[in-house]
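The values are calculated or read from the model by the stated rules, or taken from the named source; none is laboratory data. Keep in mind it's a predicted model, so treat the numbers as computed, not measured. Cβ placement follows ideal geometry from the backbone for every residue including glycine, while neighbour counts extend to all protein chains displayed. For accessibility, only protein heavy atoms count, side chains too; no ligands or nucleic acids. Shrake-Rupley method; radii C 1.70, N 1.55, O 1.52, S 1.80 Å.
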Amino acid sequence: MRAITWEVSGSQGFETAWAEREDGVLRARGRAVGTVPEPYWISYQLETAEGFVTTRLSVTAEAEAGTRALELLHDGQGRWTANGEPLSDVDGALDCDLGLCPLTNTMPVLRHELHQAPGEREFLMAWVSVPDLAVRPSRQTYTHLGPGRVRFASGDFRSDLEFDEEGYVVDYPSLATRLAAR
(Lines give C-alpha, C1' and ligand atoms only; values in the text may rest on other atoms or scores of the structure.)
Protein backbone atom coordinates (compact mmCIF):
# COMPACT_ATOMS: atom_id res chain seq x y z
CA MET A 1 0.00 0.00 0.00
CA ARG A 2 1.34 3.39 -0.97
CA ALA A 3 0.14 6.72 0.44
CA ILE A 4 0.23 9.66 -1.97
CA THR A 5 -0.74 13.23 -1.09
CA TRP A 6 -1.37 16.06 -3.54
CA GLU A 7 -1.93 19.75 -3.07
CA VAL A 8 -4.94 20.24 -5.33
CA SER A 9 -4.83 23.79 -6.70
CA GLY A 10 -7.97 23.12 -8.76
CA SER A 11 -10.01 22.80 -5.56
CA GLN A 12 -7.74 24.87 -3.31
CA GLY A 13 -7.41 21.79 -1.15
CA PHE A 14 -5.61 18.50 -0.60
CA GLU A 15 -6.08 14.82 -1.38
CA THR A 16 -4.49 11.69 0.03
CA ALA A 17 -4.88 8.31 -1.65
CA TRP A 18 -3.81 4.92 -0.35
CA ALA A 19 -3.17 2.95 -3.52
CA GLU A 20 -2.14 -0.62 -4.20
CA ARG A 21 -1.19 -2.07 -7.61
CA GLU A 22 -0.83 -5.77 -8.20
CA ASP A 23 -1.02 -7.89 -11.38
CA GLY A 24 -2.73 -5.22 -13.50
CA VAL A 25 -5.24 -4.33 -10.79
CA LEU A 26 -5.51 -1.06 -8.85
CA ARG A 27 -7.29 -0.63 -5.54
CA ALA A 28 -7.37 2.70 -3.77
CA ARG A 29 -9.14 4.67 -1.13
CA GLY A 30 -8.81 8.36 -0.65
CA ARG A 31 -9.99 11.51 1.03
CA ALA A 32 -10.03 15.04 -0.28
CA VAL A 33 -10.97 18.42 1.08
CA GLY A 34 -11.48 21.47 -1.09
CA THR A 35 -12.98 24.93 -1.13
CA VAL A 36 -13.70 25.28 -4.88
CA PRO A 37 -16.36 25.22 -6.25
CA GLU A 38 -17.56 25.23 -2.60
CA PRO A 39 -16.22 23.81 0.67
CA TYR A 40 -16.46 19.99 0.63
CA TRP A 41 -15.10 16.70 1.93
CA ILE A 42 -14.84 13.61 -0.28
CA SER A 43 -14.17 10.00 0.66
CA TYR A 44 -13.80 7.40 -2.09
CA GLN A 45 -12.94 3.79 -2.84
CA LEU A 46 -11.81 2.71 -6.29
CA GLU A 47 -11.45 -0.83 -7.62
CA THR A 48 -10.34 -2.07 -11.02
CA ALA A 49 -10.25 -5.46 -12.70
CA GLU A 50 -7.29 -6.75 -14.71
CA GLY A 51 -6.00 -4.26 -17.23
CA PHE A 52 -6.86 -1.41 -14.84
CA VAL A 53 -10.50 -1.37 -16.04
CA THR A 54 -12.68 0.33 -13.42
CA THR A 55 -15.22 -1.93 -11.75
CA ARG A 56 -16.35 0.29 -8.87
CA LEU A 57 -16.09 3.83 -7.59
CA SER A 58 -17.85 4.54 -4.32
CA VAL A 59 -17.89 8.21 -3.27
CA THR A 60 -19.36 10.16 -0.37
CA ALA A 61 -19.37 13.95 -0.57
CA GLU A 62 -20.20 16.36 2.23
CA ALA A 63 -20.92 19.97 1.32
CA GLU A 64 -23.24 22.78 2.37
CA ALA A 65 -26.16 21.12 0.53
CA GLY A 66 -25.70 17.99 2.65
CA THR A 67 -24.24 14.53 2.17
CA ARG A 68 -24.39 12.73 -1.17
CA ALA A 69 -23.33 9.22 -2.05
CA LEU A 70 -22.53 7.59 -5.39
CA GLU A 71 -22.01 3.90 -6.14
CA LEU A 72 -20.71 3.82 -9.71
CA LEU A 73 -20.44 0.27 -11.07
CA HIS A 74 -19.06 -1.05 -14.37
CA ASP A 75 -20.17 -4.53 -15.41
CA GLY A 76 -16.99 -5.36 -17.37
CA GLN A 77 -18.98 -5.34 -20.62
CA GLY A 78 -19.06 -1.55 -21.05
CA ARG A 79 -22.26 -0.79 -19.13
CA TRP A 80 -22.46 1.43 -16.06
CA THR A 81 -24.91 2.10 -13.27
CA ALA A 82 -25.03 4.94 -10.75
CA ASN A 83 -26.81 4.00 -7.53
CA GLY A 84 -28.47 1.18 -9.45
CA GLU A 85 -29.69 3.31 -12.37
CA PRO A 86 -28.33 2.61 -15.89
CA LEU A 87 -26.04 5.26 -17.43
CA SER A 88 -26.39 4.67 -21.16
CA ASP A 89 -24.54 7.90 -22.10
CA VAL A 90 -21.26 6.40 -20.80
CA ASP A 91 -21.74 2.92 -22.29
CA GLY A 92 -18.42 1.68 -23.63
CA ALA A 93 -16.28 3.63 -21.15
CA LEU A 94 -13.67 1.57 -19.33
CA ASP A 95 -12.78 4.16 -16.72
CA CYS A 96 -14.21 6.66 -14.32
CA ASP A 97 -12.67 10.08 -13.74
CA LEU A 98 -13.42 11.62 -10.36
CA GLY A 99 -13.31 15.39 -10.77
CA LEU A 100 -10.35 17.18 -9.18
CA CYS A 101 -8.77 13.77 -8.38
CA PRO A 102 -5.30 13.14 -9.88
CA LEU A 103 -5.43 9.43 -9.00
CA THR A 104 -8.08 8.62 -11.63
CA ASN A 105 -5.72 9.62 -14.45
CA THR A 106 -3.70 6.53 -13.58
CA MET A 107 -5.87 3.76 -15.07
CA PRO A 108 -5.80 4.66 -18.81
CA VAL A 109 -2.12 5.61 -18.62
CA LEU A 110 -1.16 2.29 -17.01
CA ARG A 111 -3.37 0.19 -19.30
CA HIS A 112 -1.52 1.51 -22.37
CA GLU A 113 1.82 2.28 -20.65
CA LEU A 114 1.58 5.84 -21.99
CA HIS A 115 3.95 7.10 -19.27
CA GLN A 116 6.66 4.82 -20.74
CA ALA A 117 5.92 4.12 -24.41
CA PRO A 118 4.91 6.16 -27.47
CA GLY A 119 1.25 6.33 -28.35
CA GLU A 120 -1.93 8.35 -28.28
CA ARG A 121 -5.29 7.06 -27.11
CA GLU A 122 -8.77 8.54 -26.95
CA PHE A 123 -11.10 7.41 -24.19
CA LEU A 124 -14.70 7.86 -23.14
CA MET A 125 -14.80 8.37 -19.38
CA ALA A 126 -17.58 8.26 -16.81
CA TRP A 127 -16.67 11.68 -15.36
CA VAL A 128 -17.93 12.44 -11.85
CA SER A 129 -18.22 16.12 -10.92
CA VAL A 130 -17.37 17.24 -7.41
CA PRO A 131 -19.05 17.85 -5.03
CA ASP A 132 -22.47 17.12 -6.61
CA LEU A 133 -21.37 13.63 -7.85
CA ALA A 134 -23.22 13.97 -11.17
CA VAL A 135 -21.92 11.51 -13.80
CA ARG A 136 -21.38 12.73 -17.36
CA PRO A 137 -19.60 11.39 -20.44
CA SER A 138 -16.17 12.92 -21.09
CA ARG A 139 -13.98 12.35 -24.17
CA GLN A 140 -10.33 12.48 -23.19
CA THR A 141 -7.09 11.99 -25.12
CA TYR A 142 -3.79 10.93 -23.58
CA THR A 143 -0.58 11.34 -25.63
CA HIS A 144 2.88 10.08 -24.66
CA LEU A 145 5.39 12.99 -24.77
CA GLY A 146 8.43 11.22 -23.31
CA PRO A 147 9.38 9.16 -20.27
CA GLY A 148 6.94 10.07 -17.47
CA ARG A 149 5.24 12.79 -19.52
CA VAL A 150 1.74 12.56 -20.95
CA ARG A 151 -0.46 15.23 -22.52
CA PHE A 152 -4.07 15.18 -21.31
CA ALA A 153 -6.71 16.80 -23.52
CA SER A 154 -10.46 17.11 -23.17
CA GLY A 155 -12.39 19.60 -25.29
CA ASP A 156 -10.34 22.83 -25.39
CA PHE A 157 -8.42 21.93 -22.20
CA ARG A 158 -4.82 20.66 -22.44
CA SER A 159 -2.27 19.90 -19.75
CA ASP A 160 1.10 18.12 -19.82
CA LEU A 161 1.17 15.73 -16.87
CA GLU A 162 4.17 14.19 -15.15
CA PHE A 163 3.91 10.59 -13.89
CA ASP A 164 6.27 8.52 -11.76
CA GLU A 165 7.50 5.08 -12.88
CA GLU A 166 4.51 3.40 -11.20
CA GLY A 167 2.03 5.51 -13.20
CA TYR A 168 0.87 7.92 -10.47
CA VAL A 169 0.57 11.66 -11.12
CA VAL A 170 3.46 13.75 -9.83
CA ASP A 171 2.40 17.05 -11.43
CA TYR A 172 -0.81 18.02 -13.19
CA PRO A 173 -0.43 21.72 -14.01
CA SER A 174 -3.51 23.74 -13.05
CA LEU A 175 -4.89 20.82 -11.00
CA ALA A 176 -2.50 19.12 -8.56
CA THR A 177 1.10 18.65 -7.44
CA ARG A 178 2.26 15.71 -5.35
CA LEU A 179 3.76 16.55 -2.00
CA ALA A 180 7.05 14.89 -1.11
CA ALA A 181 6.88 12.13 1.50
CA ARG A 182 8.74 12.97 4.68
Using 7 Å Cα-to-Cβ label points, what is the GLU120/VAL33 separation (nm, one decimal)? 4.2
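Percent relative contact order of the range 69-147, based on C-alpha pairs within less than 8 angstrom and at least six residues apart?
26
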For the chain, whose charge dipole is built from +1 on Lys and Arg Cβ atoms and -1 on Asp and Glu Cβ atoms, the candidate among LEU114, LEU145, MET1 with its Cα farthest towards the positive end is MET1
In whole angstrom, largest first, the equivalent ellipsoid semi-axes that the Cα gyration tensor gives for the chain are 22, 20, 16
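How much of the pair distance distribution for the range 1-65 lies past 19 Å, counting alpha-carbon pairs only, in percent? Write out the running numbers ahead of the final one.
Working: 798 of 2080 pairs.
Counting every Cα pair in the range 1-65, those more than 19 Å apart make up 38 percent.
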Heavy-atom SASA rank of TRP18, TRP80 (probe 1.4 Å, accessible area, largest first): TRP18, TRP80
In nm, spacing of pseudo-spin labels at SER88 and SER58 (7 Å Cα→C-beta vector): 2.9
Mind giving me the FRET efficiency for SER174 and MET1? R0 is 30 Å, r the Cβ-Cβ distance, nearest 0.05 is fine. 0.55
Please sort by residue number the GluC sites (Glu not before Pro) in the range 43-83 whose DSSP state is loop and whose Cβ has at most 12 other Cβ atoms within 10 Å. GLU64
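Using helices alone, what [θ] at 222 nm do you get for the chain, with -39,500 (n - 2.57) per DSSP H run of 4 or more residues, divided over all residues and rounded to the nearest 500? Let's see the in-between values first.
Numbers: 1 runs with 6 residues, N = 182.
That calculation yields -500 deg cm²/dmol at 222 nm.
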Quote the relative contact order of the range 27-182 in percent (integer), defining contacts as alpha-carbon pairs under 8 Å separated by 6+ residues. 14
Using label points projected 7 Å from each Cα along Cα→Cβ, tell me how many nm separate GLU162 and LEU145, to one decimal. 1.1
Return the carbon/sulfur percentage of the accessible area of the range 30-131, one whole number, probe 1.4 Å, all protein chains in place. 48
Based on Cα positions only, what radius of gyration and what Dmax would you give for the range 102-173, in angstroms? 11.9, 36
Charge dipole magnitude, Cβ of K and R +1, D and E -1 - the range 1-105, Cα centre, debye nearest 20: 260
